[in-house]
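Working notes, structure below.
The values are calculated or read from the model by the stated rules, or taken from the named source; none is laboratory data. Predicted, not measured: the structure shown is a model, and the values here were computed from it. Using ideal geometry, Cβ is built from the backbone for each residue, glycine included, and neighbour counts are taken over all protein chains shown. We work out accessible area using only protein heavy atoms, side chains counted, and drop any ligands, DNA or RNA first. Shrake-Rupley method; radii C 1.70, N 1.55, O 1.52, S 1.80 Å.
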Amino acid sequence: GGADYSASSCSGRFAGRTAAEYSKQASEPVVDRTQLDKEKERIYAPLRRKTGVEWKELQFQFNRTMQVYCPECKNERMLKLGLDWLNDIKGNEAETVLARNLHELQRFLECMERITVGEIVMQSSLLRKASNTALDFKRLDYPEIDPPEWEKYLTIKLDEGDIKSGELPLDFWLLPPYAPTYREN
């Protein structure tokens, strides 16, 4: 975006400072052993497989899905098909990936993260029902460019397996309950 280094530097420093302040007063975290064991099983499963596809095949399938179903000019039908394909890749091909060493395991984990990011991109694209010049975002099924009612931030989060969406005005940090000026905030 337009903010580039200056914004990321400032917001990064703020985030670091805030995290440090919180960690000074936070209680000792409690480890959920069941969750930890489940995650270790998921992460190391490719190392235990004797046969399967390589991480490169998984990456190829992801790349192709994004190229075909999340192109420059998007529409709802293609995005939904793309999400179905990504779920299929996660549920089938990803479960058969073989890693012969830690390097291949790392490549596999990177592929899985890219698939997650691809899902976020497609879900976000489905939410924005307008084309937008600033975002270089084009929806074929919503060709009107920059309609005023879509001048807002869209938010998404995963909440117990369900995707929850919301919206915020572009200047939300200047509206109540926040202070009315940038300097005060």
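Taking the full set of protein chains and a 1.4 angstrom probe, give the accessible area of T34 in square angstrom, rounded to the nearest 10.
The accessible area comes out at roughly 110 Å².
Determine how large the accessible area of S27 is when every protein chain is in place; take a 1.4 Å probe and give Å² rounded to the nearest 10.
100
Please work out the C-alpha center-to-center distance from region 139-185 to region 47-121 and express it in whole Å.
Measuring centre to centre over Cα atoms gives 29 Å.
What does the charge count around R128 come to, taking other residues whose C-beta lies under 13 Å from its C-beta (Lys +1, Arg +1, Asp -1, Glu -1)?
That sum, taken over residues with Cβ under 13 Å, equals -3.
Simple spin-label model, 7 Å along Cα-to-Cβ: Q35 to L174 in nm?
Label at Q35, label at L174, 3.8 nm between them.
Taking the chain as a Gaussian network, Cα atoms linked when under 10 Å apart, which of E39, E54, E113 shows the biggest mean-square fluctuation?
E39
Search the structure for amide H atoms under 5 Å from the amide H of V97, placed 1.01 Å from N in the peptide plane, and list their residues when 5 or more places away or on another chain.
Amide H to amide H, under 5 Å and 5 or more residues apart or across chains, V97 pairs with V53.
Under the rule of at least 5 residues apart or a separate chain, name every residue whose amide H is placed under 5 Å from the amide H of R139.
Those qualifying (amide H under 5 Å, at least 5 residues apart or on another chain) are K74, S131, N132.
Need one value: the accessible area of D88 in square angstrom, 1.4 angstrom probe, rounded to the nearest 10.
Spelled out: D88, probe radius 1.4 Å, area about 60 Å².
Give, as a single signed number, the net charge of other residues whose beta carbon lies under 13 Å from the beta carbon of Y69, with Lys and Arg counted +1 and Asp and Glu -1.
Spelling it out: positives minus negatives among the neighbours equals -1.
Would you work out what percent of the accessible area of the chain, with all protein chains in place, is carbon or sulfur (probe 1.4 Å)?
Answer for the chain is 56 percent, counting heavy atoms of protein chains only.
I'd like the FRET efficiency for D136 and K24, computed as 1/(1 + (r/R0)^6) with the beta carbon distance as r and R0 of 45 Å, rounded to 0.05.
0.60
First obtain the Kirkwood hydrodynamic radius of the chain from its Cα pairs, then insert it into the Stokes-Einstein equation at 25 °C and 0.890 mPa s, and state the resulting D in µm² per second as a whole number.
The estimated diffusion coefficient comes to 123 µm²/s.
Rolling a 1.4 Å sphere over the protein heavy atoms, what is the accessible area per residue of region 1-124, to the nearest Å²?
70
Extending each Cα 7 Å along its Cβ direction at K129 and L109, get the distance between those two points in nm, one decimal.
Modelled inter-label distance: 4.0 nm.
Quick check on the chain: of the DSSP beta bridges with both residues there, what percent are antiparallel, nearest 5%?
The antiparallel proportion sits near 70 percent.
Apply the membrane-span-like helix rule to the chain: whole DSSP H runs, Cα extent along the own long axis of at least 27 Å, mean Kyte-Doolittle hydropathy at least -0.5. List the helices found.
Span-like helices, by this rule, are 102-127.
Roughly speaking, what is the stretch gain from C73 to Y182, that is 0.36 nm per residue apart minus the C-alpha to C-alpha distance, in nm to one decimal?
35.6 nm
Mean separation of Cα pairs under 8 Å and 6+ residues apart, divided by the residue count of region 52-185: what relative contact order is that in percent?
21 percent.
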